[in-house]
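> Supplied in structure tokens, the structure appears directly below.
The values are calculated or read from the model by the stated rules, or taken from the named source; none is laboratory data. Because the structure is predicted, anything quoted here is derived from the model rather than measured. Here Cβ is always computed from backbone atoms with ideal geometry, including for glycine, and neighbour counts include all displayed protein chains.
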Amino acid sequence: AIYKEALEKYTTALKYYSIINDKKAMIYASSMASSVCLVDSDNEKAHHFLNMEMQLAKEINDSCYISNTLQHASVFYESTDKPDSALYYAKKALSFTTGNTNTSKWLSSIGRIYLEKGQTDSASHYLEASLNTKDVEALAISHASLAEIEKDRHNYKSAYNHLEQYTDVIDSIAAADKSSEIQKLGYQHEAEVKIAKHKAEMQLSNALIITAAIIAILILIVILQQISKRKKTAQLRYERKINSMNQDMKILQTRITQSETMLTYLRKEQESYTAEIQNKEQEIKDLYQQREEVQHAFFRQSAIYKKINKLAKQDTADKKKINVLNLSDQESLRDTIFAIYNDSITELRLRHPRLTDEDIIFLCLEKNNLPSSIIAYCFGSTNTQVINQRRYRLKERMTN
């Protein structure tokens, strides 16, 4: 049950290390999982984790990790009674060690495997080489193995020396273990003191944190109250402003309604006045027309008009015999026209002050629908070209 629980822990650790891609930690976890399976006699799983460990060491390409992994492989094959494979991996592990690495474990392991294979000379060579170390475990194994070799060789004195050194190493290990226990107790006491001190500091820290939190909460409450008060004040101001604006809007709307009503009334009045003005204008226009017709009728009853009418009926075949108005008749024509058309002439002069008396006489004659030839007779001429020129000049004077 203990091995199963340990394997679950290392498997879980391996899973989490793989998530963060920590390959060195994965090597450690797979190595420990392989060792647990090997102790629990589950060689298949042990071999699975060993292969994983070796693959990871190859991927990170670190000689130290590769050397340790190969040494683990040697231990695995030695434990599963495969000394040749164990020897192969042990030597390969030794080849990956660097100059600063303590190789005594690797040398001792190779010597022990040779001893199991019965090759005492090779075993003695590697075991002797492993004695130059401070690693007490490797030193103890090497002295014990050398004592066994020397005993088989009947070198009892040498065997005794190795056995005595083995005993000294074991005693030093035991003393170190005892010293370690005392040191552990000291560390435990020191740890308890530190824990008590840390607890006191934590309690003080917690008290300070709680006090600071309470003060912060009180400050926050005050700030929130101030914010709430400001919000309420701002809300009241806003409501008052809205009410004032609503009142202003109502007043403005009332004034707009009144103005629109007045405008509608004025437009109706204006329409009424416009219609009345148009009627009056048309009435005045009609009166002007009626006055003009009366003036024309009055002019046609005059003596001078009768002379003009007589001239219009004369024979025009011989232009030399054509009669025209003489100067006396022209003067009479002027007096008659100015007497009959007096009001119209006054209005005409106000509109066109540049008009001459002859221009006014011409206009009155033309208003009576007299042809250009008869109008020429009235001015003492038989040439209508003179009338056309006068008409052109008259147009310029009335335009400018």
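> Out of (1) modelled with pLDDT of 85 or more; (2) exposed (fewer than 10 other Cβ atoms within 10 Å of the Cβ), the odd one out for I322 is which?
Condition not satisfied by I322: (2).
> Need pairs with beta-carbon distance below 7 Å; first residue under 15 Å from L355 (Cα atoms) and within region 380-400, second loosely packed, with under 14 Cβ neighbours inside 10 Å; sequence gap 6+ or separate chains.
R397/R354
> Please go through region 82-99 and give me each residue that is at pLDDT 85 or above and farther than 23 Å from M32 by Cβ, ordered by number.
Passing the criteria: P83, D84, L87, Y88, K91.
> Sort through I308, I337 and tell me the only one that's part of a helix (DSSP H, G or I), within 27 Å of E396 (Cα to Cα) and of a type outside the set (S, T, Y).
Values: I308 fails: within 27 Å of E396 (Cα to Cα).
After applying the criteria, what remains is I337.
> Criterion first (of a type outside the set (D, E) and at pLDDT below 85) does N102 satisfy it?
Working: of a type outside the set (D, E): yes; at pLDDT below 85: yes.
In short, yes.
> If you don't mind, another one. Filter region 10-62 for residues that are charged (D, E, K, R) and over 17 Å from Y77 (Cβ atoms); which is farthest from the chain's Cα centre (by Cα)?
As a first pass, look at region 10-62 and keep what is charged (D, E, K, R): 15, 22-24, 40, 42, 44-45, 53, 58-59, 62.
With over 17 Å from Y77 (Cβ atoms) added as a condition, the list becomes 15, 22-24, 40, 58-59, 62.
On the way: K15: 41, D22: 38, K23: 41, K24: 44, D40: 62, K58: 48, E59: 44, D62: 48 Å.
The extreme case among them is D40.
> For residues that are farther than 11 Å from L311 by Cα and among the hydroxyl-bearing types (S, T, Y), tally how many sit in region 371-381.
Count: 2.
> Looking only at region 285-292, decide whether some residue is surrounded by 10 or more Cβ atoms within 10 Å (Cβ to Cβ), out of contact with any Pro (no Cβ under 7 Å at 6 or more places or on another chain), free of Cβ contacts under 8 Å to residues at least 12 places away in the same chain and in the same structural domain as I374 (by TED's automatic domain parsing).
The answer is no; no qualifying residue exists.
> If you check every pair at least six apart or on different chains, which have Cβ atoms under 9 Å apart with a residue in region 114-130 that is in contact (Cβ under 8 Å) with a residue 12 or more places away in the chain first and a residue that is of a type in the set (S, T, Y) and part of a loop (DSSP other than H, G, I, E, B) second?
Here the result reads A129/T103; S130/T103, each pair linking region 114-130 to a residue that is of a type in the set (S, T, Y) and part of a loop (DSSP other than H, G, I, E, B).
> Taking D121, is it loosely packed, with under 14 Cβ neighbours inside 10 Å and either within 60 Å of the chain's Cα centre (by Cα) or within 19 Å of L87 (Cα to Cα) (or both)? Even if it seems obvious, please write down each step before you answer.
Values: loosely packed, with under 14 Cβ neighbours inside 10 Å: yes; either within 60 Å of the chain's Cα centre (by Cα) or within 19 Å of L87 (Cα to Cα) (or both): yes.
Yes: the conditions hold for D121.
> Please work out if S109 is among the polar types (S, T, N, Q), in the same structural domain as V169 (by TED's automatic domain parsing) and surrounded by 21 or more Cβ atoms within 10 Å (Cβ to Cβ). Can you show your working first?
On the way: among the polar types (S, T, N, Q): yes; in the same structural domain as V169 (by TED's automatic domain parsing): yes; surrounded by 21 or more Cβ atoms within 10 Å (Cβ to Cβ): yes.
Yes: the conditions hold for S109.
> For region 348-376, what are the residues that are in a helix (DSSP H, G or I) and surrounded by fewer than 12 Cβ atoms within 10 Å (Cβ to Cβ)?
Within region 348-376, the first condition is being in a helix (DSSP H, G or I), and the residues that meet it are 348-351, 357-367, 372-376.
Across region 348-376, the qualifying residues are L350, R351, D357.
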